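Okay, structure first, notes after.
The values are calculated or read from the model by the stated rules, or taken from the named source; none is laboratory data. Here the structure is a predicted model, which is why all the values come from computation and not from measurement. Because the Cβ atoms are built from the backbone with ideal geometry, glycine has one as well, and the counts that use them run over all protein chains shown. What goes into the accessible areas is simple: the full protein's heavy atoms, side chains included, and nothing from ligands, DNA or RNA. Shrake-Rupley method; radii C 1.70, N 1.55, O 1.52, S 1.80 Å.
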Amino acid sequence: MLEVRNLNVGYGRIQVLWDLSITVESEAVGLFGPNGAGKTTLINSILGIVRPTSGTILFGGKDLTKLETHQIVRLGIALVPQERELFPLMTVEENLRSGAAYIPHARNHILDRMNFVFTIFPVLKERLSQKAGTMSGGEQRMLAVGRALMSYPKLLILDEPSVGIQPSIVTEMFAKFKQIQKEGVAILLTEQNVRQGLKIIDRGYVIENGRIIFEGLSAELAQNDHVRKAYLGV
């Protein structure tokens with residue numbers, strides 16, 4: 001589905017990603033690393049916000065490096081950004097509808113897709129008329145994910161979804177991500193909370209200083225000495 005090959009990305013003279021390669025098929029894949037490791041730069045490159053200096057990004061066989069962001073989104077990639085970036089003065093329903101408004105194949109099935117979102121996040125159905133800015137941090141995260149799902153994505157990218165959410169809600173939220181993946185949506189998860197992330201992914205990568213230093217199945221990452229010491233506190 002998604003294949004990143006030998007990607008190099010920089011800002012001016014500062015190189016951020018170095019010959020980075022990852023793949024995502026019909027699965028949940030984690031990308032773990034500290035702040036400044038290059039996780040968000042990779043996401044921005046996939047979405048066409050940042051242009052690589054070299055390398056390729058393929059999605060369904062199409063080269064994304066030659067496309068604009070709106071074209072990439074219409075191919076079936078949706079992002080839930082770290083800061084959620086909802087429309088705070090709009091209602092839950094209006095925010096959900098906005099997720100499908102500019103996607104031709106989703107625009108004609110808004111009610112059906114909204115019902116799908118409600119099966120994942122029932123609380124959103126109860127809050128349809130509530131303004132997004134008045135919701136709790138966890139509820140806003142649910143709404144941000146629900147809005148992304150409205151576009152019928154093939155690949156859902158989650159950028160640091162645990163940020164700003166209390167631990168009890170994080171556990172519930174991550175269980176929802178696993179449910180979404182089982183519904184046929186591939187997931188690329190970037191996360192500093194490695195302990196939670198390992199519970200829901202099939203495979204994962206560890207990125208440090210713009211380079212992939214380790215990759216493997218979830219169980220392999222959990223047993224890797226560097227991962228245990230640096231990210232799990234073991």
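Below is a table of values for the structure above.
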item: Accessible surface, 1.4 Å probe, highest first, among residues His70, His226; result: His70, His226
item: Contact order normalised by residue count of the chain, Cα under 8 Å, 6+ apart, percent; result: 27 percent
item: Which of Glu160, Glu139, Glu126 is most accessible, then next, and so on - probe 1.4 Å; result: Glu126, Glu139, Glu160
item: Compactness index (Cα Rg / 2.2 N^0.38 Å), the stretch 1-139; result: 1.21
item: Test item: Cα-centred dipole of the stretch 148-206, Lys/Arg +1 and Asp/Glu -1 on Cβ, debye; result: 200 debye
item: Cα-Cα separations in the chain greater than 34 Å, expressed as whole percent; result: 13 percent
item: Options Gln71, Gly48, Asn8, ranked by Cα towards positive dipole end of the chain, top entry (Cβ charges); result: Gln71
item: Accessible surface of the chain, 1.4 Å probe, proportion on carbon and sulfur as whole %; result: 50 percent
item: Calculated from backbone phi, Karplus (6.51, -1.76, 1.60) coupling profile of the stretch 21-29 in Hz, x at Gly/Pro; result: 9, 9, 9, 9, 9, 7, 7, 10, 10
item: Cα centroid separation - the stretch 98-170 against the stretch 171-234, whole Å; result: 22 Å
item: Rounded to 5, percent antiparallel among DSSP beta bridges of the stretch 52-197; result: 25 percent
item: Estimated dipole of the stretch 87-212 in Debye, rounded to 20 [Cβ of Lys and Arg +1, of Asp and Glu -1, Cα centre]; result: 180 debye
